[in-house]
Amino acid sequence: MSTAKKEYKRITVKSLIEMKKNGEKIAMLTAYDYSMAKIVDHAGIDVILVGDSASNVMAGHETTLPITLDQMIYHASSVVRAIERCLVLVDLPFGTYQGNSRKALESAIKIMKESGAHAVKLEGGAEISESISRILTAGIPVMGHLGLTPQSIYKFGTYTVRAKEEEEAEKLKKDAKLLEELGCFGLVLEKVPAALAKEVAESISIPVIGIGAGNGVDGQVLVIHDMLGMTHEFNPRFLRRYLDLYTEMNSAFKQYIDDVKSRDFPSDKEQY
Ligand code: KIV
């Protein structure tokens with residue numbers, strides 16, 4: 001059963017803002033390659049985020065810091081080739097926008113030109129406002145990202161819940177307002193208390209998409225490898241697993257190995 005309030009042939013940034021107005025929740029997942037993006041798009045997802053979490057789940061790095069602009073473009077263009085309906089949002093990777101708005105604009109333009117994606121996402125608030133403004137002046141839609149911002153992991157020291165203290169919560173609220181005023185079309189809130197996330201979502205007109213931010217926001221995002229149960233060693237409280245693919249794939253691979261070694265595969269019917 002579809003719970004969509006309105007059917008969209010193509011999701012745009014305007015559709016997402018309209019969904020918030022209509023009280024329709026926005027469903028977002030990450031994807032990094034053609035085959036996965038095709039399945040996710042056909043299932044009816046609203047937004048595919050080509051997240052810099054590719055650095056972790058695709059490349060095996062401990063953090064999101066090492067992934068490069070060209071690697072993000074490779075992933076994003078593979079996703080864009082697969083989709084027919086959803087909006088494709090791409091993370092600007094670490095080091096391509098902080099502290100230099102001209103470089104930020106060049107990075108965003110390169111992503112848009114070379115991948116064919118529809119929007120970019122940047123982590124941070126007031127400290128990157130110049131970069132956001134400059135990208136927006138080029139007509140490129142920008143989504144913000146506050147709360148736990150993994151590109152700043154060495155500043156935070158841990159991946160624990162952010163903005164539990166008054167001072168950080170106040171800054172986050174101010175930053176969310178600022179992102180709205182600058183012209184961002186949406187905002188990701190990662191790992192913050194649910195009450196704070198709800199307050200932020202109710203105080204701004206642009207959609208707030210949560211990950212570990214409770215149910216009072218305008219939509220949800222999960223990393224696809226986590227929700228499919230491929231990263232079985234990663235168990236944060238906010239994660240709902242929809243499959244146990246690690247176990248399923250492991251037994252399929254074991255079965256294949258057995259079939260090959262026992263000469264069961266290929267059978268007479270599986271050859272020419
Ligand atoms: O890179 C990513 O996957 C993200 C999500 C966790 C929001 O930024």
Given (1) within 16 Å of the ligand (Cβ to nearest atom); (2) assigned to a loop (DSSP other than H, G, I, E, B); (3) open to solvent by 10 Å² or more (accessible area, probe 1.4 Å); (4) closer than 23 Å to L89 by Cβ, identify the lone condition not met by V161. (4)
Picking from E202, E248, E190, which residue would you name as being exposed (fewer than 12 other Cβ atoms within 10 Å of the Cβ) and among the acidic types (D, E)? E202
Going by what's in this entry, would T137 be described as of a type in the set (S, T, Y) and at pLDDT 95 or above? yes
Can you tell me how many residues within region 16-43 are out of contact with any Ser or Thr (no Cβ under 8 Å at 6 or more places or on another chain), crowded, with 20+ Cβ neighbours inside 10 Å and small (G, A, S)? 2
Specify which of the listed residues (R263, R240) is loosely packed, with under 12 Cβ neighbours inside 10 Å and closer than 25 Å to I153 by Cα. R240
Filter result for R10 (touching a residue at least 40 places away in the same chain (Cβ under 8 Å) and part of a loop (DSSP other than H, G, I, E, B)): yes
List every residue pair whose Cβ atoms lie under 8 Å apart, where the two residues are 6 or more positions apart in sequence or sit on different chains, the first residue falls within region 175-201 and is polar (S, T, N, Q), and the second residue, located anywhere, is not in a strand (DSSP E or B). none
Screening E84, E7, E24 for residues that are closer than 23 Å to E190 by Cα and more than 17 Å from the chain's Cα centre (by Cα) leaves only E24
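The values are calculated or read from the model by the stated rules, or taken from the named source; none is laboratory data. Keep in mind that this is a model prediction, so the values were computed, not measured. Here Cβ is always computed from backbone atoms with ideal geometry, including for glycine, and neighbour counts include all displayed protein chains. Keep in mind that these areas ignore ligands, DNA and RNA; they rest on the heavy atoms of the full protein, side chains included. Shrake-Rupley method; radii C 1.70, N 1.55, O 1.52, S 1.80 Å.
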